[in-house]
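> Could you have a look at this structure, given as structure tokens, before my questions?
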Amino acid sequence: MTPFTQIPRHIEEAVEKSSATTSRRDFLRTSGLLVVSFGVAPLIQGDAISAAAAQGATAGPYPDPDFRQLDSWIVIREDNTATFHVGKTDCGQGTGTAFRQIMSDELDIAYDRTSVVMGSTDVTVDQGGSGGSDALQTDGWPMRRVAAEARRVLLELASSRLAVPVDQLNVSDGVVSVAADASRRVTYGELIGGRRFNVTLTGNNIDATTGIAKLKPVQQLKMTGQSPRRDDIPPKVNGSLKWAVDARMPGMVHARNVKPPVAGAKLVSIDESSVRGVPGFVKVVSKGNYVAVVCEREEQAIQAARQLKVNWQKPASAPFPASDDLHKYIRAATPTSSGKPVIVGNPDAALAGAARMVEADYEVPFQGHNSIGPAHAMADPSNDQLTIYSNDMKSYGLRNGVAQFLEMPRDRVRVVWMEGPQAYGRTAADDAGFEAAFLAKEIGRPVRVQWMRQEETAWDTKGPAYAVKMRGGLDAQGNLVAFDYDARAADYNHLGYNEHDTVLIAQLTGMRRATPASGGAATPSEMYAIPNRRMTTSVVSLPLVWETPLRTGNLRDPNGPQVTFASESFVDELAAAANADPVEFRLRLLTAATDDDSGFKRARSIAVIKAAAEAYKWDARPSPRSIGSGDILTGRGIAYAYRSQTVVAQIAEVEVNRRTGHVWVKRFVCAHDCGLIINPEALRRTLEGGMLHSLSRALYEEVRFDTEKVVSVDWRSYPTMTHADTPASIDIVLVNGDPNPNRPDLPHYGAGETVCKPTFAAIGNAIYDATGVRIRRVPFRDERVRAALRAARV
């Protein structure tokens, strides 16, 4: 028990130093924070950002908010509202809402009295932005801990104010009352509103940030597990939200890039006179092989970019094979690098002694982000600083990279994060941010850059292409006794996020690094109990590494869909060879002791697969089913994946048109276990969105190219799914439980990326079940499926 007379003096002194007469503006300025709106708005709203942009940027500097200061995370105001400042971005999945839920729970303040500021580098701590489904799994913990610490400090202050020991106080919705006399009460706003905490936190890094307070048990969390209204949805629906693409300010000009017509082309000359007559023409900017035109208005910049006469020299040799020859090239080329083999048991001997051996090759092409809105950014160089308005999901990396690229002090650069369509991996938002910054510094005026549709589709980073060869050995009882997996990825120029020497403008201007980084090929998760197995990986480089549209980077769950398509399709092939039901075959492979961590993971996997099968009402039988006689053939397929503590199983039900080859996924069932669920409704929508994105990749998406350039440059040549492809139903089963009774709850794990892993395979397995034809390359476009059916005489 801590009596009120023993309140830590440093808390009283800290609050006293921030007197009640200090203005909000002075408080926020001295604390290094900026609350854009003092109303209870959920996010930094576009209107407020637009207003700030219209006034021009302040002169800076923009020091990093100190993550070891409680004031960098939480602001309490006199009206008893709170704003949380977090270093993440929301890519449309409602993570901002989830952050408010977990922090309001730990702070003990009403959810609807809170707001959250995300992603802007001068007013939020650097938690890295979005990526890897780590928002709750990793970054949610320090958010909860700092909120718990703020609650502890506020209770100590209330103890002093009310002259009652802390353990005789109750707190609810930001109001502290005496347990024995509820009429004696004080609000958080009355205790500290408009003033600073001045409390130092501990932790060697931002993920370890903590205070003295302990977190609440799960059973005491009120908002966790609820689905409050997402306040970001209405302005998106009614059109009032100001997106990053809407950022404007006085004196701003517009720029368009002029990309090389073929990969690896060198700039010979520019005829600037060809565009001087364009109304509003400002300047042609060029450096190395980078070319851009700048005009007063956007339509003028578009005209100038189309009209500019540029002389390019083609490379002496082909920069890459044509897409039709890509996988042949990948298999024949000498690897640039190889991963360390994973070998368990004696796979060669087990394969040699197997009663039956199955072999198969699988292929996945390059696929693009193909964002519905092309990359864009606006940069303001006024007052000897640089402010970038961007929807880059890793705004902190953008700030750091631009500062290095332009050789500016970091504290003279800031990124104001706004919502936008560029998300789910290393998109061209990185490139557009660098280009806007470079051009703004070159001409000394605010510059807005936006890519064109053809530019976005051709030059955005691509998910790596894969060629996978597998062998499996079955014993006489149909048990899998050996597995041999060998994957090759065309991935050598794999780009990180906002690297100052690998972004496209750095490549084109000749400021790139000497040697690219290799992303590496990946292997399946090792949840199946296979006594003898070997997994090898290697990376193949295309002839042209730099200044190519076939530059690879993270596309949602960077290697997961490719690897899982191969491995989970092959598991189905093995089940068919063993004349076993695909669900039963997987459950056998997952059966293992449950007294260690691996066994615990397998137990959760078994629970998820069973949940999916039960929801679908799966009837046990081998695949394929008896092939019908009509034009429409139906089938079902399952696939399972484990990623970073999260488990997912998907079942796809398809209709295949025997005559046209068209595949319609009529129904999806998804069982998903990501531990503690913060917001069930947002989670369901996240899973649906991830499955639909993966459905589009499975049915349609493929980067096509000749030996000089990408030729799939628009919605016709790079098609995606439409509303007509939407399943009739998507059933989500949230497995929010722990099969081990000794652990009553699980931590909150990541959710979004794992759901993308099994979709390709679930659809491919369903096609096989419907037709008896195994198609080992995505996408399952009509012409590919029709050709396979005709070849098999189905």
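The values are calculated or read from the model by the stated rules, or taken from the named source; none is laboratory data. Every value quoted in this text rests on a predicted model; they were computed, and no experiment measured them. Cβ placement follows ideal geometry from the backbone for every residue including glycine, while neighbour counts extend to all protein chains displayed. Surface accessibility is based on the protein's heavy atoms, side chains included, excluding ligands, DNA and RNA. Shrake-Rupley method; radii C 1.70, N 1.55, O 1.52, S 1.80 Å.
> Within region 212-242, which residues are crowded, with 18+ Cβ neighbours inside 10 Å and closer than 17 Å to Thr138 by Cα?
The one that is crowded, with 18+ Cβ neighbours inside 10 Å and closer than 17 Å to Thr138 by Cα: Thr224.
> Please go through region 263-292 and give me each residue that is open to solvent by 10 Å² or more (accessible area, probe 1.4 Å) and of a type in the set (A, V, I, L, M, F, W, C), ordered by number.
Leu267, Val268, Ile270, Phe281, Val282, Val284 - these are the residues of region 263-292 that are open to solvent by 10 Å² or more (accessible area, probe 1.4 Å) and of a type in the set (A, V, I, L, M, F, W, C).
> So, in region 406-427, how many residues would count as being open to solvent by less than 10 Å² (accessible area, probe 1.4 Å) and either touching a helix residue (DSSP H, G or I) at 6+ places or on another chain (Cβ under 6 Å) or β-branched (Val, Ile, Thr) (or both)?
Looking only at that region, the number is 5.
> Can you tell me which residue among Gly478, Gly496 is within 23 Å of the chain's Cα centre (by Cα) and touching a residue at least 24 places away in the same chain (Cβ under 8 Å)? It would help to see each step written out before you state the result.
Values: Gly478 fails: within 23 Å of the chain's Cα centre (by Cα).
Answer to the selection: Gly496.
> Would you be able to say whether some residue in region 421-432 is over 22 Å from the mean Cα position of the chain (by Cα), at negative phi and of a type in the set (D, E, K, R)?
At the first step, the residues of region 421-432 found to be over 22 Å from the mean Cα position of the chain (by Cα) are none.
No, region 421-432 has no match at all.
> Which pairs do you get when a residue that is among the charged types (D, E, K, R), found in region 213-224, comes within reach of a residue that is surrounded by 15 or more Cβ atoms within 10 Å (Cβ to Cβ) and outside any loop (DSSP other than H, G, I, E, B), reach meaning Cβ atoms under 8 angstrom, with the pair 6+ apart or on two chains?
Lys214/Ala148; Lys216/Asp105; Lys216/Glu106; Lys216/Ala148; Lys222/Asp105
> Here's another thing I want to ask about it. What strands (runs of 3 or more DSSP E), lying completely within region 114-186, carry at least 2 residues that are open to solvent by less than 10 Å² (accessible area, probe 1.4 Å) and closer than 20 Å to Leu70 by Cα? Even if it seems obvious, please write down each step before you answer.
Details: elements: 114-118, 169-172, 175-178.
Filter on region 114-186 gives 114-118.
> Also, I was wondering about something else. Whether any residue in region 404-412 is of a type in the set (Asp, Glu) and touching a residue at least 60 places away in the same chain (Cβ under 8 Å) is what I want to check.
Step one: of region 404-412, the residues of a type in the set (Asp, Glu) are 407, 411.
From what's left, touching a residue at least 60 places away in the same chain (Cβ under 8 Å): 411.
Yes; the residues of region 404-412 include at least one that is of a type in the set (Asp, Glu) and touching a residue at least 60 places away in the same chain (Cβ under 8 Å).
> Taking Gln45 as meeting all but one of (1) in contact with a Lys or Arg (Cβ under 9 Å, 6 or more places away or on another chain); (2) at pLDDT 80 or above, write down the number of the exception.
The single condition Gln45 does not satisfy is (2).
> For residues that are in contact with a helix residue (DSSP H, G or I) (Cβ under 6 Å, 6 or more places away or on another chain) and open to solvent by 40 Å² or more (accessible area, probe 1.4 Å), tally how many sit in region 745-786.
Going through region 745-786 one residue at a time, the tally reaches 1.
> With the checklist (1) touching a residue at least 24 places away in the same chain (Cβ under 8 Å); (2) open to solvent by 40 Å² or more (accessible area, probe 1.4 Å) in hand, flag the one item Arg556 doesn't pass.
Here Arg556 clears every test but (2).
> Further question: Looking at Ala436, Ala440, Ala432 in this structure, which one is in contact with a His (Cβ under 6 Å, 6 or more places away or on another chain), open to solvent by less than 10 Å² (accessible area, probe 1.4 Å) and not assigned by TED's automatic domain parsing to the domain that holds Ala352?
Working: Ala436 fails: in contact with a His (Cβ under 6 Å, 6 or more places away or on another chain); Ala440 fails: in contact with a His (Cβ under 6 Å, 6 or more places away or on another chain).
One residue alone meets the criteria, Ala432.
> Residue under question is Val773, and the condition is that it be over 23 Å from the mean Cα position of the chain (by Cα) and either assigned to a strand (DSSP E or B) or among the aliphatic types (A, V, I, L, M) (or both); does it hold?
Numbers: over 23 Å from the mean Cα position of the chain (by Cα): yes; either assigned to a strand (DSSP E or B) or among the aliphatic types (A, V, I, L, M) (or both): yes.
Criteria met by Val773.
> State whether one or more residues within region 193-209 are closer than 19 Å to Ala147 by Cβ, part of a loop (DSSP other than H, G, I, E, B), among the hydroxyl-bearing types (Ser, Thr, Tyr) and assigned by TED's automatic domain parsing to the domain that holds Trp141.
Checked against the condition, which is being closer than 19 Å to Ala147 by Cβ, part of a loop (DSSP other than H, G, I, E, B), among the hydroxyl-bearing types (Ser, Thr, Tyr) and assigned by TED's automatic domain parsing to the domain that holds Trp141, region 193-209 yields at least one hit.
> Go through the residues of region 679-700 one by one and say whether even a single one is touching a Lys or Arg at 6+ places or on another chain (Cβ under 6 Å) and open to solvent by less than 40 Å² (accessible area, probe 1.4 Å). Step through it out loud before you land on a result.
Filtering region 679-700 for residues touching a Lys or Arg at 6+ places or on another chain (Cβ under 6 Å) gives none.
No.
> Could I ask something else about it? Only residues in region 294-311 that are closer than 19 Å to Glu435 by Cα count as the first member; pair them with residues that are assigned to a strand (DSSP E or B) and among the polar types (S, T, N, Q), Cβ under 9 angstrom, at least 6 apart or cross-chain, and list the lot.
That search, which allows pairs on different chains as well, returns Glu298/Gln450; Ala301/Gln450; Ala305/Asn257.
> On to the next question. Return the only residue of Ala613, Ala578, Ala607, Ala529 being open to solvent by 10 Å² or more (accessible area, probe 1.4 Å) and without any contact (Cβ under 8 Å) to a residue 60 or more places away in the chain.
Ala613
> Could I ask something else about it? Just the residues that are touching an Asp or Glu at 6+ places or on another chain (Cβ under 8 Å) and polar (S, T, N, Q), please, taken from region 539-564.
Selection gives Thr552 alone.
> Sticking with this one: If Ile678 satisfies every condition in (1) in contact with a Leu (Cβ under 9 Å, 6 or more places away or on another chain); (2) outside any loop (DSSP other than H, G, I, E, B); (3) of a type in the set (A, V, I, L, M) but one, which is the exception?
Of (1) in contact with a Leu (Cβ under 9 Å, 6 or more places away or on another chain); (2) outside any loop (DSSP other than H, G, I, E, B); (3) of a type in the set (A, V, I, L, M), only one is false for Ile678: (2).
> OK, next. Among the residues of region 390-421, which ones are modelled with pLDDT under 95 and over 22 Å from Val123 (Cα atoms)?
Pro421
> Follow-up. Given the criteria assigned by TED's automatic domain parsing to the domain that holds Ser115 and either farther than 23 Å from Arg100 by Cα or touching a strand residue (DSSP E or B) at 6+ places or on another chain (Cβ under 8 Å) (or both), does Val218 qualify? Outline the logic, then answer.
Values: assigned by TED's automatic domain parsing to the domain that holds Ser115: yes; either farther than 23 Å from Arg100 by Cα or touching a strand residue (DSSP E or B) at 6+ places or on another chain (Cβ under 8 Å) (or both): no.
Spelling it out, it is not the case that Val218 is assigned by TED's automatic domain parsing to the domain that holds Ser115 and either farther than 23 Å from Arg100 by Cα or touching a strand residue (DSSP E or B) at 6+ places or on another chain (Cβ under 8 Å) (or both).
> Filter region 328-378 down to the residues that are part of a loop (DSSP other than H, G, I, E, B), in contact with a Ser or Thr (Cβ under 7 Å, 6 or more places away or on another chain) and not aliphatic (A, V, I, L, M) and list them by number. Walk me through how you get there before you give the answer.
Kept after step one, since they are part of a loop (DSSP other than H, G, I, E, B), are these residues of region 328-378: 333-336, 339-341, 345-346, 353-355, 365-366, 369-375.
Those left that are additionally in contact with a Ser or Thr (Cβ under 7 Å, 6 or more places away or on another chain): 335-336, 339, 341, 365, 369-371, 375.
Answer for region 328-378, where residues must be part of a loop (DSSP other than H, G, I, E, B), in contact with a Ser or Thr (Cβ under 7 Å, 6 or more places away or on another chain) and not aliphatic (A, V, I, L, M): Pro335, Thr336, Gly339, Pro341, Pro365, His369, Asn370, Ser371.
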